[in-house]
Each structure stands twice: as C-alpha cells, then as structure tokens.
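Colleague: Sending over a structure as structure tokens; questions will come in a sec.
The values are calculated or read from the model by the stated rules, or taken from the named source; none is laboratory data. Here the structure is a predicted model, which means the values were calculated and not measured. We place every Cβ from the backbone using ideal geometry, glycine too, and count neighbours over all the protein chains shown. Heads up: the accessible areas ignore ligands, DNA and RNA and are worked out on the full protein's heavy atoms, side chains in. Shrake-Rupley method; radii C 1.70, N 1.55, O 1.52, S 1.80 Å.
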Amino acid sequence: MIRRPPRSTPLYSSAASDVYKRQVSVTHTESSLAKVVSAPSDLQALLLFLDNPAVIEELSKLDPLAPAKVRGILRKAELYQAEGGCISGEEASKLVNITRSGMDAARKRGDVIALPSGKDGWTYPVWQFQDGRYLPGLKDVLEILKDEGPFVQCSFLLSRNALLDGEMPASLLRREQVHAVIDAAKAYGVHGGS
C-alpha cells in the first residue's frame, strides 16, 4: 500500500472557488473595482461583482445558464430595494394598525405581498402601503396573480405596462384606478399580454 503525505492545503472543488480562482486572474478596471470596494454593504458589493461582464463570462464557462441566473439574482435585489425597500412584519403591521399575527394572516390570505427573508422570515415591500392601509385593489390584483410567486407579483406591479399606457400598475393603484390594473393583471402572461 502506497501512502501519500497529507496535503497541507485542502482541495477546493466548488464552483464558487473555481470562479474565485479565475476571477483573481481577471483584470479589473480601476473604476469597477472602486465601485465594488466602496459599496455601502456586502450585499451591494456582491451584486456589483456579479454584474461585472468578466465575472459573467467566467461563470458561463462553468454553467451556460449562469448569465440568466445572475440576471434573476439582480432582478430580485432590485425588487427588494424598489420604491423605499422592504420592512419587517412588525413595521408593516404598525403601518396598517394591526397585530404582527394579523399581518402574517394577511400574507397567508394573499392580501399583501411578502418576500422571503432569511430562513423562515418575511419582509414586506413598503410601496404596497398607503395612508395606513394596503393599496386600493391590491388584494384583487394579487388574487388574479395568485398562481405567480411574490417576485413575479412585485415585478408585475412595479414594471411599466403597455396596457396601462406605459405606467406601473402600482402607480395606478395609488390613484385608485383599480379596474385598469385588474384588466392588465388578467392579461399578464397571456400571449400578447404585457
């Protein structure tokens, strides 16, 4: 039996370490590196890093779907930060003057959008609250989009829509133009819909 001497350093075979090793050799321009280093949070730094074309190119070598996956990560990050960001269930419940358990029940009923936060937590996009209540018609729109996940629901409400003359559905709900948004929600995902 042949014995090998123990390795002084462990072998790293994960995709993340492979990307890191390749990224070390990639030359950054000073401005991109400065943006990453000066990001206000670790999450922001990671998002800027992932948005770098050189990183996308290296990730593509490991996984052809990597660019699409990165776009999905970046879009989700945009949704968490959109129009004032997200707040805790406790903070959301105070906005509409209900208990924390009441807010959780509203989430489960589909009255309000909650995005995953941590292992078992939820965070609530602040843009869906107005004047101590949920946006007018929000529950009706979410009922129509109930088969979609919360990220798709947020994306629908925060994206400009051709059926609404290029306006965001959330903006129209704020102005109580509920019927137009309901019609757009019914057409959402249908061939020819926006």
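Colleague: Please enumerate the residues belonging to segment 74-112 that are touching a Gly at 6+ places or on another chain (Cβ under 9 Å) and surrounded by 15 or more Cβ atoms within 10 Å (Cβ to Cβ).
Modeller: Hits for segment 74-112 are 88, 89, 93, 95, 96, 103, 104, 107.
Colleague: While we're on this one: Go through (1) at pLDDT 95 or above; (2) open to solvent by 30 Å² or more (accessible area, probe 1.4 Å); (3) over 20 Å from residue 108 (Cβ atoms); (4) not hydrophobic (A, V, I, L, M, F, W, C) and name the single condition residue 139 misses.
Modeller: The single condition residue 139 does not satisfy is (3).
Colleague: Does residue 172 satisfy the criteria of being open to solvent by less than 80 Å² (accessible area, probe 1.4 Å), in a helix (DSSP H, G or I) and free of Cβ contacts under 8 Å to residues at least 40 places away in the same chain?
Modeller: yes
Colleague: If we scan segment 100-109, do we find a residue that is part of a loop (DSSP other than H, G, I, E, B) and within 27 Å of residue 160 (Cα to Cα)?
Modeller: There is no residue in segment 100-109 that is part of a loop (DSSP other than H, G, I, E, B) and within 27 Å of residue 160 (Cα to Cα).
Colleague: Shifting gears a bit: Just to be sure, is residue 90 part of a helix (DSSP H, G or I) and in contact (Cβ under 8 Å) with a residue 60 or more places away in the chain?
Modeller: The answer is no for residue 90.
Colleague: Pull up segment 58-68, narrow it to residues that are modelled with pLDDT of 85 or more and not aliphatic (A, V, I, L, M), then point me to the one that is farthest from residue 152 (Cα to Cα).
Modeller: Taking the candidates together, the pick is 61.
Colleague: Okay, moving on. I'd like to verify a number: residues in segment 113-135 that are surrounded by fewer than 18 Cβ atoms within 10 Å (Cβ to Cβ) and not in a helix (DSSP H, G or I), how many?
Modeller: Matching residues across segment 113-135 total 10.
Colleague: Just to be sure before I move on: is residue 143 more than 23 Å from the chain's Cα centre (by Cα) and farther than 23 Å from residue 81 by Cα in the structure I sent?
Modeller: Judged against the criteria, residue 143 is not a match.
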